[in-house]
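One structure is given below, encoded as structure tokens.
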Amino acid sequence: MAKLVDFKCRYADFEGITPESAAAFGLKVPDLYFRAEDMVLLAKNIKKEKSSTFCKLPLDLCVEAENLGGKIKYDESPLGPRKLEDAVQDTEEVLNLPELDPERGRMAEVLRVCRLLSEEGETVALEVRGLFNILNSLMDIQKVFMTAAMKPDVMMKVCDKIREGLVTYILAAEKAGCRLFFYSDGSGGLNII
């Protein structure tokens, strides 16, 4: 059997957006997570600070889960938007949530940012959250692992639903001008599983 290695992404060492760092650009936390123009300005400044060759979006970890119906907390924390409370109590309930829709909510606004940056000649990268990260933002991740072990058929249906939604999101992002994609699943990392 091949050896499994957990890759440590250095780009992920981003320390978050404090009210002070946002104010330096004339922005306000948490308002900047809702307006495309604010996200454009911040993404370009983060690119400059990191001496990167691309603008990375979104600026938080909850866009996909929120689009599915996740309950998200917005405040001035540098952690950014994050789960307020569980949206579902059982993994099977995920099947009853709305489909991922790139034309709805903050996801649509993130795609608008992609278009605006791309039109300005920027290389745009979209970070897509993985299955376990999304589920962790919707519910207690321990219940997800229990479902995977005890009801693999249900888990497969949940995986299919999220996978199909993510493919739709990625295709919409590509159409909006994204040329790079990251797939990250910190909650499903080798060190956790």
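The values are calculated or read from the model by the stated rules, or taken from the named source; none is laboratory data. Being a predicted model, the structure only gives us computed values, none of them experimental. Positions of Cβ are generated from backbone atoms using ideal geometry, with glycine treated the same way; all protein chains shown enter the neighbour counts. When the accessible area is computed, the model is the full protein with side chains, heavy atoms only, and any ligands, DNA or RNA have been set aside. Shrake-Rupley method; radii C 1.70, N 1.55, O 1.52, S 1.80 Å.
In this rough spin-label picture, where each label sits 7 Å from Cα along the Cβ direction, the residue 153-residue 34 distance is 4.4 nm. What FRET efficiency, computed as 1/(1 + (r/R0)^6) with R0 = 25 Å and r the Cβ-Cβ distance, is obtained for residue 71 and residue 160, rounded to the nearest 0.05? After rounding to 0.05, the efficiency reads 0.60. Computed with a 1.4 Å probe on the full set of protein chains, the accessible area for residue 104 sits at about 80 Å². Compactness of the chain, taken as the C-alpha radius of gyration over 2.2 N^0.38 Å, stands at 1.04. When you restrict to C-alpha pairs under 8 Å that are six or more residues apart and normalise by the size of the chain, the relative contact order lands at 25 percent. Heavy-atom accessible surface of the chain, averaged per residue, reaches 54 Å², computed with a 1.4 Å probe. Put a dot 7 Å past the Cα of residue 103, heading toward its Cβ, do the same for residue 167, and the two dots end up 2.0 nm apart.
Of the DSSP H helices in the chain, those that are both long (alpha-carbon extent of 20 Å or more along the helix axis) and hydrophobic (Kyte-Doolittle mean at least -1.0) are 105-119, 152-175.
Count Lys and Arg as plus one, Asp and Glu as minus one, and take only other residues whose Cβ is under 10 Å from that of residue 87; the net charge is then -2. Between residue 179 and residue 84, take the C-beta separation as r, use R0 = 35 Å, and let me know the FRET efficiency to the nearest 0.05. Efficiency computed from Cβ-Cβ geometry: 0.55.
Between 132, 114, 145, whose Cα lies farthest towards the positive end of the dipole of region 101-154 when Lys and Arg beta carbons carry +1 and Asp and Glu beta carbons carry -1, centred on the Cα centre? Result: 145. Can you list the residues of region 67-104 with backbone N under 14 Å from a point 7 Å past the Cα of residue 49, pointing along Cα to Cβ? Answer for region 67-104: 77-80. Taking Cα centre as origin and charging only the Cβ of basic (Lys, Arg, +1) and acidic (Asp, Glu, -1) residues, the dipole magnitude of the chain rounds to 500 debye.
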